[in-house]
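J.: Handing you a structure now.
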Amino acid sequence: MKPPKSPPSEESRELSRQLGRMTRRGFAWGGAAVLAGYSAWKWVGSRGEEGMLRSPLRRILEVDEKVGRAAFSQGRLSRTFAASVARMPRVNGRYGINLKLDPVRWRLEVQGPAGAKSLTIDDVKALPRVEVTTELRCIEGWSEVVTWAGARLADLAASTGLARRSGQPGDPNAEPAELLPYVALATPDARYFVGLDIASALHPQTLLCYEMNGEPLTMLHGAPLRLAIPVKYGIKSLKQIGSIRFTDSRPADFWASKGYDWYAGL
């Protein structure tokens, strides 16, 4: 026969009362948090859209861009790796890629307020060759280390002069007042297009690439020329570039028009 249970002590009864109050308080706070979250979600959903994104969310991206621009520096380099760890990245998106494009007939149209120039791939290859092994980071969450080789976009800007209002060749950063603030890039058929701030475009690791991992670009990876810009997410690394336009106006961007961040900085 089991001995009768002794009544709970006063300390046990007080602990039970405190736990009960904590449970009720936690439930109340949890309910309030759910209600607040639901109310915020409803409020955001009731706002108008800007570029396929509710306006409060677009404001958040604009604040993020201001912070990113303020922290950006030409001397701040994306991490580099040994070429031995480089791998061929997945083909992630085919917008604007023409598998039948003839590299011999292809031309890069470079434009600015002061004029325009039409360049062949040999013209691009005549610029100083730069090789860098950096990380291609996709906005979907994956990344891959890649060795890129090509010409700096800054060197193209310097040789053509079209990033400057005067159109005179030379260091585009030498006279800040002369420098146009934006760059627009597009595929030959204009089906895919990106917009860049000029600071990111002229970053020393931003390349116009014609080689990947020691081999010429394939069509699916953007031959004959693609962008590699490790200070941005991969959505900015335009494949099969057909035109580059330096401009005063903030250019349209394919993914920004679908609700993504225009700046897309890392």
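J.: Identify all residues within region 192-209 that are aliphatic (A, V, I, L, M) and in contact with a Gly (Cβ under 9 Å, 6 or more places away or on another chain); write none if there are none.
T.: L207, L208
Every residue, every condition in (1) touching a Leu at 6+ places or on another chain (Cβ under 9 Å); (2) surrounded by 24 or more Cβ atoms within 10 Å (Cβ to Cβ); (3) assigned by TED's automatic domain parsing to the domain that holds R105, yes or no:
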| site | (1), (2), (3) |
| --- | --- |
| Y210 | yes, no, yes |
| P216 | no, no, yes |
| P224 | yes, no, yes |
| I235 | no, no, yes |
| I244 | yes, yes, yes |
| R250 | no, no, yes |
| D253 | yes, no, yes |
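J.: Step by step: first the residues of region 161-178, then only those that are surrounded by 13 or more Cβ atoms within 10 Å (Cβ to Cβ) and aliphatic (A, V, I, L, M), then the one that is nearest to A114 (Cα to Cα). Which residue is that?
T.: By that ranking, first place goes to L162.
Listed here are the residues, each with its yes/no results for (1) touching a strand residue (DSSP E or B) at 6+ places or on another chain (Cβ under 8 Å); (2) over 23 Å from P251 (Cβ atoms); (3) in the same structural domain as M88 (by TED's automatic domain parsing).
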| position | (1), (2), (3) |
| --- | --- |
| P128 | yes, yes, yes |
| E140 | no, yes, yes |
| V146 | yes, yes, yes |
| G170 | yes, yes, yes |
| E175 | yes, no, yes |
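J.: Return the residue satisfying two criteria in turn: it lies in region 221-235 and is part of a strand (DSSP E or B) and either free of Cβ contacts under 8 Å to residues at least 12 places away in the same chain or closer than 14 Å to H203 by Cβ (or both), and of such residues it is nearest to the chain's Cα centre (by Cα). Please lay out each step first, then the result.
T.: Keep residues of region 221-235 that are part of a strand (DSSP E or B), which gives 226-228, 232.
Retained after the next criterion (residues that are either free of Cβ contacts under 8 Å to residues at least 12 places away in the same chain or closer than 14 Å to H203 by Cβ (or both)): 227-228, 232.
Working: L227: 12, A228: 11, K232: 4 Å.
Within region 221-235, the match that is nearest to the chain's Cα centre (by Cα) is K232.
J.: In region 82-118, what residues are surrounded by 12 or more Cβ atoms within 10 Å (Cβ to Cβ), within 16 Å of T187 (Cβ to Cβ) and hydrophobic (A, V, I, L, M, F, W, C)?
T.: Result: V91, I97, L101, W106, L108, V110.
J.: Oh, and also: Can you find even one residue in region 139-156 that is within 24 Å of A199 (Cβ to Cβ) and modelled with pLDDT under 95? So that I can check it myself, show each step before the final result.
T.: First, pick out the residues of region 139-156 that are within 24 Å of A199 (Cβ to Cβ): 139, 143, 146, 148-156.
Pick out the ones that are also modelled with pLDDT under 95 and you get 139.
Within region 139-156, one or more residues are within 24 Å of A199 (Cβ to Cβ) and modelled with pLDDT under 95.
J.: For region 165-213, which residues satisfy the criterion of being more than 19 Å from the chain's Cα centre (by Cα), without any contact (Cβ under 8 Å) to a residue 60 or more places away in the chain and outside any loop (DSSP other than H, G, I, E, B)?
T.: P176, A177, E178, L179
J.: While we're here: Any idea which residue in region 99-152 is nearest to V183 (Cα to Cα), counting only those that are among the aliphatic types (A, V, I, L, M) and part of a loop (DSSP other than H, G, I, E, B)?
T.: If we take residues in region 99-152 being among the aliphatic types (A, V, I, L, M) and part of a loop (DSSP other than H, G, I, E, B), then A114 is nearest to V183 (Cα to Cα).
The values are calculated or read from the model by the stated rules, or taken from the named source; none is laboratory data. From a predicted model like this one, the values you see are computed outputs, not experimental measurements. Here Cβ is always computed from backbone atoms with ideal geometry, including for glycine, and neighbour counts include all displayed protein chains.
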